[in-house]
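Q: Mind looking over this structure? Questions follow.
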Amino acid sequence: MTTNSRRRLAWWLLPVAVGVALWAGAPAFSDPANDPAVQPIPDFAADAAADEAKSIVVRVSFNGRANATVTGIQVVDERAPSHLGAPPLSKVEVLGGSGDLIGTFNDWHPMWELGEETAGGGEARRLNPHASGRWIAPFDRDATTIVVTDIAAADEIVRADLTDAIHDFCLAHPDDEDCLRADLAVEAVAVTAAPPIGLVGKDATITVGTVVTNNGPDGPADAAFTTTATAGSGVTVTPATRTTTLPGVAVGADVTGSDQWTVRCDTPGQHTVTFTATVATTHPADVDLVAANNTRSTTHTIDCAVPVTVNIKPGGDPNSINLGAGGNNAPLAVLTTTAGEYGNPLAFDARTVVATTARFGNRAVVLGGGGAAETHNRRHDERSYELDERTRDGDLDAVLHFRARDGGFTAGDTEGCLIGEFTDPAGTFTFFGCGPVRIVG
């Protein structure tokens, strides 16, 4: 029989001991069926058959039969006393983390007290409405909760969370045979995938990769891995936090993970998002004595660009681009728009475009830093055609010219994209826009 099996069997042999309250008045029997006078006085001597020298002590005070308050929970280096033949006054249940029953037994009730000797011999036993006492149970590393029920009243009177007491004991006694030492560590946290830019008013997806390890000396250890995302001004990130359970991290094992986060650009400019990863043991009897390596962070900068509306080859329908000699001076208009026009979240004055920064071409090419440059190194401010190819509004737009063959286009492309910078009183920012094209030549 294993040690754990012997400990489990000990629950049936080791009912809890209680502190005896002082007799403070006349009997107050609320239920004759619960009268301890008909029950034998139990023997509180330590049970030599038990192999567990540690106990969990739950102290309680009563102000009325149905009003119990837990005043303390502690793990002590003492053997739990026996309570063989205890009367069915209170039922004690010890539960594990998933609510599974570890052990159960009947016990004396702290509100019942032994008073003065009676005329016929023996001791009087009365229910005291104000009392204090304790329940003592053998230690079990998997215990998380003690539940005590007043059997006669069929009321749950105590529900005590044991996890902090067990964890505190193991922190103070990490070499105890029931405690596990696991140096969990965050080995790495990094942004593994992100778009080159974000667009104001649009969501972007960022992927964060992590590596967690257990440096030992003990294992495997159950862990919880939590990543928190903190956005700087101008961006919003969701979710704010994400927690993953890592069951049984073995000594020397690397556990890798990858999560996606949604970042929304609220204002133009360079903005940051910081991802902080933290790992911790989850079992109350597991302790991590090296806290310095439990947390690691990485900061990612996202360039939030202003979306703009572009009209490639204004007046053309369709907007054809010739990759041969005929495309050496292909025109493109960046339209001046109001907020909401063409679905753009912000107003844009095309006369703020810095022509020398503009690059035109295939989406992937321009987002990768390539594309065709403005052939004249200047902007032409004029009233260009709107997207209907018939209307010219009263705004001045920015007309630019590019050598189409430098844009990285392929025969199957159906859109052309423009990226560049613009200036306004608040600073210099990125703009980005795409429009339909037909590749010819």
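Q: With just the Cα atoms defining each centre, how far is region 372-441 from region 136-195? Give it in Å.
A: Going from one Cα centre to the other spans 62 Å.
Q: Report ³J(HN,Hα) in whole Hz for each residue of region 173-188, in order, from the Karplus equation J = 6.51 cos²θ - 1.76 cosθ + 1.60 where θ = phi - 60°; Gly and Pro get x.
A: With the stated coefficients, region 173-188 comes to 10, x, 8, 4, 5, 8, 9, 10, 9, 9, 8, 6, 8, 8, 6, 7 Hz.
Q: Still on this structure: For region 254-320, give the percent of accessible area contributed by carbon and sulfur heavy atoms, probe 1.4 Å, rounded to a whole number.
A: Values: 1260 of 2780 Å².
Solvent-exposed carbon and sulfur of region 254-320 make up 45 percent of the total.
Q: Obtain the nm distance between the two label points defined at T236 and E415 by a simple spin-label model: each point lies 7 Å from its Cα along the Cα-to-C-beta direction.
A: Between T236 and E415, the simple spin-label model gives 2.3 nm.
Q: Here's another thing I want to ask about it. Once fully extended, how much extra length lies between D155 and E382, figured as 0.36 nm per residue of separation less the alpha-carbon to alpha-carbon distance?
A: Numbers: separation 227, 0.36 × 227 = 81.72 nm, distance 8.39 nm.
Separation in residues times 0.36 nm, less the Cα-Cα distance, equals 73.3 nm.
Q: For region 151-227, which whole percent of the accessible surface, found with a 1.4 angstrom probe, sits on carbon and sulfur atoms?
A: Details: 1480 of 3210 Å².
Accessible surface attributable to carbon and sulfur in region 151-227 totals 46 percent.
Q: Leaving out ligands and nucleic acids, and using a 1.4 Å probe, what accessible area per residue does region 354-441 come to in Å²?
A: On the way: 4270 Å² over 88 residues.
Dividing the accessible area of region 354-441 by its residue count gives 49 Å².
Q: Here is a follow-up. Stretch R392-T245 to full length: gain in nm at 0.36 nm per residue minus the Cα-Cα span? Don't jump to the answer; show the numbers that get you there.
A: On the way: separation 147, 0.36 × 147 = 52.92 nm, distance 5.95 nm.
Length gained between R392 and T245: 47.0 nm.
Q: Simple spin-label model, 7 Å along Cα-to-Cβ: T226 to T272 in nm?
A: If labels sit at T226 and T272, their model points lie 2.3 nm apart.
Q: Might you tell me the accessible area per residue for region 143-219, computed with a 1.4 Å probe and given in Å²? Kindly include the intermediate steps, with their values, before the conclusion.
A: On the way: 3070 Å² over 77 residues.
For region 143-219, the solvent-accessible area averages 40 Å² per residue.
Q: Also, I was wondering about something else. Dividing the alpha-carbon Rg of region 280-335 by 2.2 N^0.38 Å yields what?
A: Details: Rg = 28.1 Å, N = 56, 2.2 N^0.38 = 10.2 Å.
Rounded to two decimals, the normalised Rg is 2.77.
Q: Using R₀ = 45 Å, calculate the FRET efficiency as 1/(1 + (r/R₀)^6) where r is the Cβ-Cβ separation of V70 and A364; round to 0.05.
A: On the way: r = 63 Å, r/R0 = 1.40.
Computed FRET efficiency for V70 and A364: 0.10.
Q: What whole number of Å gives the distance from the Cα centroid of region 80-111 to the Cα centroid of region 327-353?
A: Taking the Cα centre of region 80-111 as reference, the centre of region 327-353 is 76 Å away.
Q: Computed from the mean reciprocal separation of all distinct C-alpha pairs, what Kirkwood hydrodynamic radius does region 241-310 have, in Å?
A: One decimal place: 15.8 Å for the Kirkwood radius.
Q: Tell me the carbon and sulfur percent of the accessible area for region 323-382, rounded to whole percent, probe radius 1.4 Å. Show your work: numbers first, answer last.
A: Working: 1310 of 2640 Å².
That share works out to 50 percent.
Q: Another question about this same structure. For region 186-233, compute the orientation-averaged projected area of the C-alpha convex hull (one quarter of its surface), in nm².
A: Working: hull surface 19.0 nm².
For region 186-233, the mean projected area of the Cα convex hull comes to 4.8 nm².
Q: Something else now. Place the peptides 96-107, 280-291 in order of packing, highest mean first, counting for every residue the other Cβ atoms within 10 Å and averaging per peptide. If you can, show how the numbers build up before the last one.
A: On the way: 96-107: 15.3, 280-291: 17.8.
Highest mean packing first, the order is 280-291, 96-107.
Q: Mind giving me the nanometre distance, one decimal, between the label points for N63 and T338, set 7 Å out from Cα along Cα→Cβ?
A: So the label points at N63 and T338 sit 6.7 nm apart.
Q: Does anything in region 260-278 have its amide N under 16 Å from the 7 Å Cα→Cβ label point of A188, and if so which residues?
A: Counting only backbone N, you get 277.
The values are calculated or read from the model by the stated rules, or taken from the named source; none is laboratory data. Source: prediction; values computed, not measured. For neighbour counting, all protein chains shown are included, and Cβ atoms are generated from backbone atoms with ideal geometry for every residue, glycine included. Heads up: the accessible areas ignore ligands, DNA and RNA and are worked out on the full protein's heavy atoms, side chains in. Shrake-Rupley method; radii C 1.70, N 1.55, O 1.52, S 1.80 Å.
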